[in-house]
Amino acid sequence: MRRNDEEVSVDTGDRLLTPGEVAALFRVDPKTVTRWAAAGRIGSIRTPGGHRRFRESEVKALLEGGLDFDEETGPPPQPHSGQTGQTGMHR
């Protein structure tokens, strides 16, 4: 019997966006989006391969809230979601 059912996926119905997709929505460079995430200005999750993904609902909420930030500072800081260990990962 295959035990693939042990891998549990939480489906919140929220699409995950790449840094490039978020960057296109905000009209900034993808590296800018990555800097915003590293600074805690936009929430992100990591894929098993270590890539960042962004919840579409959060990105849309930031867009609808107005763009009262610039490319350098990014959106307002988001409350911590309990994620750890995201610093010091440079390529």
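Where a number appears in this text, it was derived from the coordinates with a stated rule and is not lab data. Because the structure is predicted, anything quoted here is derived from the model rather than measured. Counting neighbours? That spans all protein chains shown, and the Cβs are built from the backbone with ideal geometry, glycine included.
Would you kindly derive the ³J(HN,Hα) couplings of region 19-25 from the backbone phi angles with the Karplus curve 6.51 cos²θ - 1.76 cosθ + 1.60 (θ = phi - 60°), listing them in order in whole Hz, with x for Gly and Pro?
Once θ is set to phi - 60°, the couplings for region 19-25 become x, x, 5, 5, 4, 5, 5 Hz.
What distance in nm lies between label points placed 7 Å from Cα along the C-beta direction at Lys60 and Arg46?
2.8 nm
With a Cα-only, solvent-free Debye model of region 14-64, what are the log10 I(q)/I(0) values at q = 0.17, 0.21, 0.27, 0.29 Å⁻¹?
-0.42, -0.66, -1.11, -1.27
Give me, ordered by chain and number, the residues 5 or more places off Leu17 or on other chains with an amide H under 5 Å from its own placed amide H.
Phe54, Arg55, Glu56
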